[in-house]
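**Student:** Quick one: structure below, then a few questions.
The numbers here are math on the coordinates, done by the rules we state, and not lab data. The structure presented is a predicted model; accordingly, all values stated were derived computationally and were not measured. When we count neighbours, we look across all protein chains shown, and the Cβ atoms used for this are built from the backbone with ideal geometry, even at glycine.
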Amino acid sequence: MSTLVNTMTTASVSDVKLALENEKLNLSGMRCAACVQLIEFRVRQLAGVSSFKINSASHRADVVWNPDLVSLKRILSAIMDLGYGALPASQSPDAMEKKEGRLALWRLFVAGFAMMQVMMYAFPAYLVPVPQIDGDLTPDLDRLLKIASMIITIPVIGFSAMPFFRSAWRDLKNRHVGMDVPVSLGILCTFLASVWATFAGGAVYFDSAIMFVFLLLGARLIESRVQKKTSAALRILTQLTPGMAQRFVDYPQQAQTEQIDISALRVGDMVLVAAGEHIPADGIVIAGDSACDEALMTGESLPVPKTAGSKLIAGAINISGALVMQTQEVGGATQLSQLIAMMEAAASEKPPLVLLADKHASRFLLIILLLSIISGVVWWHIDSARAFWIAISIVVVTCPCALSLATPGVMSAAIGILAKNGVLLTKSRAIQAMASATHIVFDKTGTLTLGKLQVDQMLLLQQRDGNEHEYERARQIAFALASRSSHPVSRAIADYLTPYIALHKAGKTSAVQADDLLSLHEVPGAGLEAVVGGVRYRLGNPGFALAGIHLDIPDVLKQQTLAVLATEQEALFLFALDDVLRDDAVAAIRQLKSKGKKILLLSGDRAEVVARVAAQCDIQNARAGLSPAGKYEAVRQLQAAGHVVVMVGDGMNDGPVLGLADVSVAMGQGAAISQSRSDMLLMSNRLLDLDFGLTLAAKAYALIRENLAWAVFYNLIAIPAAISGLLEPWHAALGMSLSSLIVVLNALRLYRLPQPLHVLQEQA
């Protein structure tokens with residue numbers, strides 16, 4: 001279902017409001033980067049198309065257009081006119097893929113069957129050649145076998161090889177040289193030259209032509225199966241959101257629901273989610289008790305309990321009981337939709353090294369065609385009988401496809417594996433930088449720690465013997481003040497005091513109410529103050545609350561976050577709070593150090609607190625009291641010294657430094673600005689997954705370099721061998737097919753990577 005996007009454009013006379021539509025398309029028939037370039041170039045030429053981008057890994061495209069100038073049907077027709085398949089994403093591509101799969105198997109079967117038959121007819125010519133070359137095979141029988149081979153080869157040329165011919169013709173019509181141009185030239189030239197030799201005399205290579213087609217079809221069939229495996233995570237995510245939803249007609253007055261298309265959901269709708277169904281939108285539980293499987297969105301392996309007030313994520317599976325939810329984000333605004341968009345964007349991007357290779361792939365094809373012609377001319381003067389076949393072998397043996405296939409399979413596999421482990425890669429350029437990272441820089445609050453303060457100790461500073469009532473009243477005042485603020489320190493104090501207040505309410509003791517707080521106001525970054533019973537109370541940091549009152553604070557407490565409740569004359573309570581260290585922080589730092597990474601801690605917190613966290617995590621290089629500009633400058637200095645920096649942060653003040661770092665990593669629960677500037681999101685909020693991400697990035701980048709190196713090495717060996725006449729056409733066909741296949745299969749080695757440490761620990 002298309003969505004409307006309202007944009008404003010300035011006209012020469014007045015402002016005109018254009019309604020642009022956007023849609024996702026499922027494409028088929030693409031083989032390499034050249035196909036992507038051709039389709040994007042053709043569609044972008046259409047008047048009214050605002051943007052068009054293809055994800056080569058998932059074979060999906062995003063198109064935005066003005067319906068007043070061009071229709072979706074016209075866009076689809078333009079793609080299909082090029083010889084590719086195209087469907088709106090709302091229509092399942094399964095039927096199209098099944099049809100293509102069956103046809104591909106039939107083409108392979110015809111080529112394989114014909115290859116076996118023609119090989120039988122070719123053997124006598126090799127074993128007992130005609131008398132003219134000292135053999136026993138008679139000329140009549142020799143011609144008969146050649147004619148039989150030709151007849152059997154015709155279905156292969158007219159049916160099995162047709163995809164290559166269509167693709168080559170399409171490329172030539174669009175003045176574009178793709179991989180299928182030299183492939184088709186090789187097949188046709190081999191077949192036509194063999195037909196000529198059948199009647200005019202000479203050697204025929206029907207067996208080589210059929211073998212070439214069979215090997216290419218087989219390799220491409222395996223490539224497509226592997227590609228589906230490597231892009232499986234992307235495909236699964238796109239299928240998580242259900243097509244329909246059960247919306248309440250008038251909740252809670254009526255229990256009646258209506259089934260609607262998910263695109264018709266609006267923010268604030270009340271929806272019933274039965275057990276076993278997918279959550280249709282982001283929202284909050286209004287009623288019901290259940291548990292949800294959120295593994296694919298957050299990496300959390302265990303079901304997450306859901307009760308009234310719990311957050312729900314679109315795409316999660318409601319496991320047990322029915323839930324009534326209120327939608328908060330729908331359509332493209334859901335966390336799942338944004339996750340899919342970022343993953344698809346990352347999969348379609350390429351590291352700088354690969355962009356360089358892709359840039360020269362088309363030029364490489366042109367050079368090979370010219371080299372083939374020149375070699376044919378040279379060999380014509382050396383040995384005219386071999387000149388044509390050597391020229392064909394040069395065209396066939398080359399493998400620019402391996403250059404184009406070097407990245408998509410690896411990137412899709414890497415992104416999918418990371419997503420399954422709660423790590424979202426938003427920019428694929430991070431793969432290359434992470435593989436060469438030297439320094440890992442951590443923020444403290446919300447990164448190494450949970451970012452949630454808890455009261456460790458509550459100390460009574462003024463003990464009044466026999467006056468328990470005043471003690472309890474002071475505690476109630478502290479609760480009343482803390483509960484009026486959303487500051488993390490205030491929330492922690494309120495949570496800590498809640499059981500005491502509930503106990504006094506049960507005992508029917510009069511409590512301090514919100515109405516008792518007069519002249520209440522909050523001083524940002526300091527605390528709160530109010531007048532209760534004619535006495536002014538302050539709750540906040542020691543500098544604010546004490547206001548001139550002397551208080552000796554033990555050194556051991558100075559390493560914690562402190563808050564004080566005091567009047568203008570005396571201090572009453574001292575609260576010592578701790579930010580809890582993440583369970584896997586120590587293990588993650590240890591793992592990163594074992595890989596030779598240098599670890600830094602940059603924080604804006606007090607020196608004593610930062611020192612304590614650094615000691616717990618065994619981080620030698622820790623800096624405290626840094627402003628956002630200070631963190632920025634620290635990372636800039638590391639980069640100036642030639643280091644590659646990974647910055648892990650959480651919160652608004654980490655935005656600038658995240659934008660500067662070579663690789664920026666944000667926690668899944670972090671502030672929106674830190675996530676928007678990040679190359680990677682730890683949706684699972686597990687630091688051990690960062691270690692796994694670095695390991696996988698290094699392996700993925702190594703595989704990409706291996707693929708590129710293999711493609712270059714193969715061509716450096718194969719092309720001279722073909723030019724020197726050492727290769728027959730069928731040798732060239734076999735080499736080219738195997739070269740592409742090796743590159744694709746190499747990407748699957750990424751799945752052999754050991755599982756993250758926390759998964760292994762859970763299994764143990």
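**Student:** Quick check on packing: order 687-695, 528-536 by the mean number of other C-beta atoms within 10 Å, highest mean leading. Intermediate results must be reported in sequence, preceding the final value.
**Tutor:** Working: 687-695: 24.2, 528-536: 15.7.
Result, highest mean first: 687-695, 528-536.
**Student:** For residue 69 and residue 598, what is the calculated FRET efficiency with R₀ set at 45 Å and r taken between the beta-carbons, to the nearest 0.05? If you can, show how the numbers build up before the last one.
**Tutor:** Working: r = 55 Å, r/R0 = 1.22.
Working from the Cβ atoms, E equals 0.25.
**Student:** Of 427/631; 53/427; 420/598, which pairs sit farther than 18 Å apart, going by alpha carbon to alpha carbon?
**Tutor:** Details: 427/631 23 Å; 53/427 16 Å; 420/598 27 Å.
From 427/631; 53/427; 420/598, over 18 Å: 427/631; 420/598.
**Student:** Place a point 7 Å from Cα of residue 384 in the direction of its Cβ. Which residues in the range 181-201 have their backbone N less than 16 Å from it?
**Tutor:** Only 197, 200-201 pass the distance filter.
**Student:** 5 Å is the cut-off here: which amide hydrogens, built 1.01 Å from N in the peptide plane, fall below it relative to residue 328, excluding neighbours closer than 5 in sequence?
**Tutor:** 268, 282, 283, 284
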